[in-house]
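Student: My questions will all concern the structure given below.
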Amino acid sequence: MAEQTSDQTTPLLRRNWWRSRLSALPFTGSLRLKTSLLSELGGSVGDLGTYIPIVLALTLVSNLDLSTTLIFTAFYNIITGAIFGIPMPVQPMKSIAAVAVSETPHLTVPQIAAAGICTAGTLLFLGVTGLMSFFYRFIPLPVVRGVQLSQGLAFAFSAIKYIRYNQDFTSTKASATSPRSWLGLDGAILALTCVCFLILVTGSGEVVEDDEDEDRDDRRRVRRRLRTLSAIPAALIVFLLGLILCFVRDPSIIHDIKFGPSKIHILKITWEDWKTGFLRGAIPQIPLSVLNSVIAVCKLSADLFPEKEVSATRVSVSVGLMNLVGSWFGAMPCCHGAGGLAGQYRFGGRSGASVAFLGLGKLVLGLVFGSSFVRILNQFPIGILGVLLLFAGIELAMASRDMNSKEESFVMLVCAAVSLTGSSAALGFGCGIVLFLLLKLRELDFFDSCFGRSNDETSLNP
């Protein structure tokens with residue numbers, strides 16, 4: 001009997017032994033689910049509203065290899081999820097992508113890679129030397145909030161255009177004269193239905209918590225219903241609907257799918273490519289990466305995950321290292337973005353597992369379908385992408401709601417207005433810094449000696 005008891009307890013002991021070993025591995029805690037599996041899966045697709053349009057445009061216009069980009073960004077997602085322990089997004093460098101697609105002549109793949117490497121080298125230098133942490137500590141919060149507000153509203157404006165008008169990501173002109181039809185598999189009614197569904201399921205993005213002091217049965221039932229709704233992976237359902245509609249809109253894409261990844265090779269970057277990539281791509285991208293990919297991301301992560309400190313040095317080094325590796329093989333230059341973090345948090349992402357799931361999905365698509373997956377993305381309903389982008393943009397803009405004083409709000413709104421009007425986060429940032437310093441200058445002693453003392457003397461000596 002004793003032997004039987006020993007045999008029966010051995011598997012349990014082994015299970016506990018393996019569980020203790022797995023928990024002792026590095027980064028295991030970062031990938032542990034903080035909410036339900038479905039919520040983390042829903043959050044994993046929260047930033048695809050920006051990822052898919054940019055990747056699609058670069059693939060069609062600049063002949064970027066989609067398979068290579070999917071594979072490398074998959075590893076970026078998995079590694080950053082394990083390192084940071086939050087849904088740290090991996091998004092395209094938007095300024096480089098905008099120059100590559102909209103300006104003539106278009107940037108070639110080696111020139112895009114050169115721009116990404118130059119930007120990555122700059123961020124790596126700022127991170128290793130500690131300068132990025134210095135900037136993070138001393139940049140005023142209202143200025144950062146202004147950059148976040150402008151980026152969030154810019155995403156929201158683009159999302160409304162996606163929903164209202166037909167889009168051609170390979171064209172430099174917006175299709176403002178071609179409104180989207182109401183009916184159809186990419187019609188406005190489909191997009192508005194998805195918006196209503198996401199609002200009904202996720203609400204305004206608030207976290208529903210138990211209230212032990214709540215005695216009323218009706219309030220308890222409401223909270224129980226809201227918790228049930230919040231467990232539904234709404235964004236994942238909307239995204240899967242879009243994938244299904246790809247094949248319904250054009251069934252012939254099944255015959256164009258070729259299995260297997262593209263051959264990965266090292267790019268040959270000439271001196272002319274370095275010069276063009278740096279001047280046209282890296283120079284406008286570096287300020288945006290410093291502000292939105294590092295400073296704004298760290299501030300937002302501190303708001304959303306106060307228990308999980310993310311340093312500016314680690315984020316800056318992360319962006320630098322992943323592009324110094326992937327860009328040499330033709331992968332799209334990537335960074336971390338506050339908009340992506342807001343989107344993934346908005347739809348349920350709370351741990352590094354959320355982006356790790358996204359990375360696994362990208363890895364499977366890149367290895368199985370390769371570059372032929374661009375045929376599927378080309379049929380993805382743009383209105384649905386606009387819906388996902390809209391919620392991500394609003395969530396990012398709402399981070400600015402903690403400006404309590406009129407002075408802070410003044411700086412934030414001016415910074416946001418200049419950023420939106422000038423289409424430059426760097427310009428808005430500079431104006432915000434100058435405005436903040438001018439307001440602080442009014443409080444210095446020499447102002448009191450110049451103006452206050454003379455006023456006092458006048459009042460005492462009529």
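Student: Determine whether the stretch 78-93 contains at least one residue that is open to solvent by less than 40 Å² (accessible area, probe 1.4 Å), closer than 23 Å to residue 271 by Cβ and out of contact with any Asp or Glu (no Cβ under 9 Å at 6 or more places or on another chain). First the steps, then the outcome.
Tutor: First pass over the stretch 78-93, keeping only residues open to solvent by less than 40 Å² (accessible area, probe 1.4 Å): 80-82, 84-93.
This time we only want the ones that are closer than 23 Å to residue 271 by Cβ, so: 93.
Keeping just the survivors that are out of contact with any Asp or Glu (no Cβ under 9 Å at 6 or more places or on another chain) gives 93.
The answer is yes, given that some residue of the stretch 78-93 is open to solvent by less than 40 Å² (accessible area, probe 1.4 Å), closer than 23 Å to residue 271 by Cβ and out of contact with any Asp or Glu (no Cβ under 9 Å at 6 or more places or on another chain).
Student: Filter the stretch 153-162 down to residues that are under 14 Å from the mean Cα position of the chain (by Cα) and buried (at least 24 other Cβ atoms within 10 Å of the Cβ), then give me how many there are.
Tutor: 1
Student: Right, something else. Exactly one condition in (1) in a helix (DSSP H, G or I); (2) open to solvent by 30 Å² or more (accessible area, probe 1.4 Å); (3) touching a helix residue (DSSP H, G or I) at 6+ places or on another chain (Cβ under 8 Å); (4) under 25 Å from residue 366 (Cβ atoms) is false for residue 286; which is it?
Tutor: If we test residue 286 against (1) in a helix (DSSP H, G or I); (2) open to solvent by 30 Å² or more (accessible area, probe 1.4 Å); (3) touching a helix residue (DSSP H, G or I) at 6+ places or on another chain (Cβ under 8 Å); (4) under 25 Å from residue 366 (Cβ atoms), just (4) comes out false.
Student: As an exercise: evaluate residue 251 against (1) of a type outside the set (Gly, Ala, Ser); (2) open to solvent by less than 70 Å² (accessible area, probe 1.4 Å); (3) farther than 30 Å from residue 128 by Cβ and give the number of the one condition it does not meet.
Tutor: Only one criterion is unmet by residue 251, namely (2).
Student: Mind listing whichever residues of the stretch 187-208 are among the aliphatic types (A, V, I, L, M) and in contact with a helix residue (DSSP H, G or I) (Cβ under 7 Å, 6 or more places away or on another chain)?
Tutor: First, pick out the residues of the stretch 187-208 that are among the aliphatic types (A, V, I, L, M): 188-192, 195, 198-201, 207-208.
Result: 188, 190, 191, 195, 198, 201, 208.
Student: Quickly run through the stretch 376-419 and pick out the residues that are among the aromatic types (Phe, Trp, Tyr), assigned to a helix (DSSP H, G or I) and crowded, with 19+ Cβ neighbours inside 10 Å. Talk me through it step by step, then tell me what you get.
Tutor: Here is the first cut: in the stretch 376-419, the ones among the aromatic types (Phe, Trp, Tyr) are 380, 391, 410.
With the extra rule that they be assigned to a helix (DSSP H, G or I), the set shrinks to 391, 410.
391, the sole residue that qualifies.
Student: Could you say whether any residue in the stretch 110-127 is outside any helix (DSSP H, G or I) and either open to solvent by 10 Å² or more (accessible area, probe 1.4 Å) or of a type outside the set (A, V, I, L, M) (or both)?
Tutor: Step one: filter the stretch 110-127 for residues outside any helix (DSSP H, G or I), giving none.
The answer is no; no qualifying residue exists.
Student: Further, regarding this structure: Just need a number here: residues in the stretch 200-218 that are modelled with pLDDT of 75 or more and open to solvent by 90 Å² or more (accessible area, probe 1.4 Å). Steps first, answer last, please.
Tutor: At the first step, the residues of the stretch 200-218 found to be modelled with pLDDT of 75 or more are 200-206.
Narrowing further to those that are open to solvent by 90 Å² or more (accessible area, probe 1.4 Å): 200, 206.
Matching residues across the stretch 200-218 total 2.
Student: Going through 303, 256 one at a time, which residue ends up being in contact (Cβ under 8 Å) with a residue 40 or more places away in the chain, in contact with a Lys or Arg (Cβ under 8 Å, 6 or more places away or on another chain) and of a type in the set (Asp, Glu)?
Tutor: Selected residue: 256, the only one of 303, 256 that is in contact (Cβ under 8 Å) with a residue 40 or more places away in the chain, in contact with a Lys or Arg (Cβ under 8 Å, 6 or more places away or on another chain) and of a type in the set (Asp, Glu).
Student: Considering (1) within 30 Å of residue 135 (Cα to Cα); (2) surrounded by fewer than 18 Cβ atoms within 10 Å (Cβ to Cβ), say which one residue 264 fails and leave the rest.
Tutor: (1)
Student: Output the residues belonging to the stretch 122-140 that are under 22 Å from residue 428 (Cβ atoms) and out of contact with any Leu (no Cβ under 7 Å at 6 or more places or on another chain).
Tutor: The answer is 122, 123, 126, 131, 134, 135, 136, 137, 138, 139, 140.
Student: Another one. Out of everything in the stretch 352-374 that is of a type in the set (Val, Ile, Thr) and in contact (Cβ under 8 Å) with a residue 40 or more places away in the chain, what residue ends up being farthest from residue 64 (Cα to Cα)? Spell out the reasoning first.
Tutor: In the first step, residues of the stretch 352-374 are kept if they are of a type in the set (Val, Ile, Thr); the result is 355, 364, 368, 374.
Restricting the remaining residues to those that are in contact (Cβ under 8 Å) with a residue 40 or more places away in the chain gives 355, 368, 374.
Details: 355: 23, 368: 18, 374: 11 Å.
Here the answer is 355.
Student: Please verify whether the stretch 13-24 includes one or more residues that are assigned to a helix (DSSP H, G or I), open to solvent by 20 Å² or more (accessible area, probe 1.4 Å) and modelled with pLDDT of 90 or more.
Tutor: Narrowing the stretch 13-24 to residues assigned to a helix (DSSP H, G or I): 13-24.
Checking the rest, the ones that are also open to solvent by 20 Å² or more (accessible area, probe 1.4 Å) come to 13-24.
When the remaining residues are screened for being modelled with pLDDT of 90 or more, the result is none.
The answer is no, given that none of the residues of the stretch 13-24 is assigned to a helix (DSSP H, G or I), open to solvent by 20 Å² or more (accessible area, probe 1.4 Å) and modelled with pLDDT of 90 or more.
Student: Of the conditions (1) touching a strand residue (DSSP E or B) at 6+ places or on another chain (Cβ under 9 Å); (2) surrounded by 22 or more Cβ atoms within 10 Å (Cβ to Cβ), residue 54 fails just one. Which one is it?
Tutor: Tallying (1) touching a strand residue (DSSP E or B) at 6+ places or on another chain (Cβ under 9 Å); (2) surrounded by 22 or more Cβ atoms within 10 Å (Cβ to Cβ), residue 54 fails exactly one: (2).
Student: So, one more: If residue 157 meets every condition in (1) under 16 Å from residue 396 (Cα atoms); (2) touching a helix residue (DSSP H, G or I) at 6+ places or on another chain (Cβ under 7 Å); (3) not in a loop (DSSP other than H, G, I, E, B) apart from one, which number is that one?
Tutor: (2) is the only condition that residue 157 fails.
Student: For residue 71, are the conditions met, namely being of a type in the set (A, V, I, L, M), in contact with a strand residue (DSSP E or B) (Cβ under 7 Å, 6 or more places away or on another chain), open to solvent by 10 Å² or more (accessible area, probe 1.4 Å) and part of a helix (DSSP H, G or I)?
Tutor: Numbers: of a type in the set (A, V, I, L, M): yes; in contact with a strand residue (DSSP E or B) (Cβ under 7 Å, 6 or more places away or on another chain): no; open to solvent by 10 Å² or more (accessible area, probe 1.4 Å): yes; part of a helix (DSSP H, G or I): yes.
Judged against the criteria, residue 71 is not a match.
Student: Looking at residue 327 and the list (1) under 20 Å from the mean Cα position of the chain (by Cα); (2) open to solvent by less than 10 Å² (accessible area, probe 1.4 Å); (3) modelled with pLDDT under 95, which single condition is not satisfied?
Tutor: Result: residue 327 passes all but (3).
Student: Output the number of the condition that residue 332 fails; it satisfies all remaining conditions of (1) in contact with a strand residue (DSSP E or B) (Cβ under 6 Å, 6 or more places away or on another chain); (2) open to solvent by 20 Å² or more (accessible area, probe 1.4 Å).
Tutor: (2)
The values are calculated or read from the model by the stated rules, or taken from the named source; none is laboratory data. Remember, it's a predicted structure, so these values are computed and weren't measured experimentally. Don't worry about glycine lacking a Cβ; one is built from the backbone with ideal geometry, like all the others, and counts go over all protein chains shown. Calculation scope for accessible area: heavy atoms of the full protein, side chains included, ligands and nucleic acids excluded. Shrake-Rupley method; radii C 1.70, N 1.55, O 1.52, S 1.80 Å.
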